[in-house]
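Here's the structure we're looking at; comments come further down.
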Amino acid sequence: MMPKALDGQIVIEKTPRYFVTVETPARVHAMSQDVKLIVVVRDPVTRAISDYTQIISKTPDIPPFESLAFKNRTTGQIDSLWSPLWIGLYAQHLERWLAWFPRTQIHLVSGERLISDPAGELGKVQDFLGLQRIVTDKHFYFNKTKGFPCLKKPEGSSKPHCLGKTKGRTHASIDPEVIQRLRDFYKVHNQRFYHMAGQDFGWQ
């Protein structure tokens, strides 16, 4: 399905599902062994709450986050197969990709730094893709309402481009004790991910 590219062009596709779908690495490898892969990761606890916030916006009658996150709230047994939590097991997903691609073909973007320093993170992406660093600080401004950076006047448009209305909304309020239990749960998974990635993302 990928369009043909001329010399000097790069084709980019994005999707949130490839990184976590079991069959995908082999399929992508069958298409191209030389493809460059970019994965945006963020604190898995914040990511899970954001995911849940997105779910309740579409299905407001689902159970509370706290009851879905645990198999047993009393014993504190976490349901790591619940999609918002399972997606954050980054080491597990990266391991599948590393069975098919060398680490040098996978670039990991910090979701936190993409917000705090978008030009810096995109500079690294441009380097990874072998592109000239054209996108810089001057292309961004910070939208205080959304809490995200926006692109100033994309080519051919007089309006700045900000993330859509599903981004930057207020997260669901979650019991702090539940958040701490999730942080404890992810700690070992995050350390394993940092080791595999060769970089520390500094999540709590």
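Odds and ends about this structure:
- A Cβ distance below 7 Å, combined with a sequence gap of six or more or placement on separate chains, defines the contacts here; from the range 187-200, residues that are open to solvent by less than 70 Å² (accessible area, probe 1.4 Å) reach residues that are outside any helix (DSSP H, G or I) and modelled with pLDDT of 95 or more in the pairs H189/L89; N190/W203; Y194/D200; Y194/F201; A197/L108; Q199/L108.
- Restricting the search to helices (runs of 4 or more DSSP H) fully inside the range 81-195 and requiring at least 3 residues that are closer than 17 Å to I49 by Cα and at pLDDT 95 or above gives 83-86.
- Residues that are over 19 Å from T21 (Cα atoms), free of Cβ contacts under 8 Å to residues at least 40 places away in the same chain and among the aliphatic types (A, V, I, L, M) within the range 67-88 comprise just one, L68.
- Matching residues in the range 57-82 - criterion: being farther than 15 Å from V178 by Cβ and either surrounded by 14 or more Cβ atoms within 10 Å (Cβ to Cβ) or basic (K, R) (or both): K58
- Some residue of the range 17-31 being free of Cβ contacts under 8 Å to residues at least 12 places away in the same chain, at positive phi and assigned to a loop (DSSP other than H, G, I, E, B): no
- Test set (1) assigned to a loop (DSSP other than H, G, I, E, B); (2) open to solvent by less than 60 Å² (accessible area, probe 1.4 Å); (3) within 25 Å of I179 (Cα to Cα) - A5 fails condition number: (3)
- Where a residue in the range 46-66 is free of Cβ contacts under 8 Å to residues at least 40 places away in the same chain and its partner, wherever it lies, is surrounded by 12 or more Cβ atoms within 10 Å (Cβ to Cβ) and in a helix (DSSP H, G or I), with Cβ under 8 Å and at least six apart: D51/S83; D51/P84; I55/P84; I62/I55; I62/I56; I62/L68
The values are calculated or read from the model by the stated rules, or taken from the named source; none is laboratory data. None of the values given here were measured: they were computed from a predicted structure. Methodologically, a virtual Cβ is constructed for each residue, glycine included, from the backbone with ideal geometry; neighbour enumeration extends over all protein chains shown. For the accessible areas, the whole protein counts, side chains as well, though only heavy atoms, and no ligand, DNA or RNA atoms are used. Shrake-Rupley method; radii C 1.70, N 1.55, O 1.52, S 1.80 Å.
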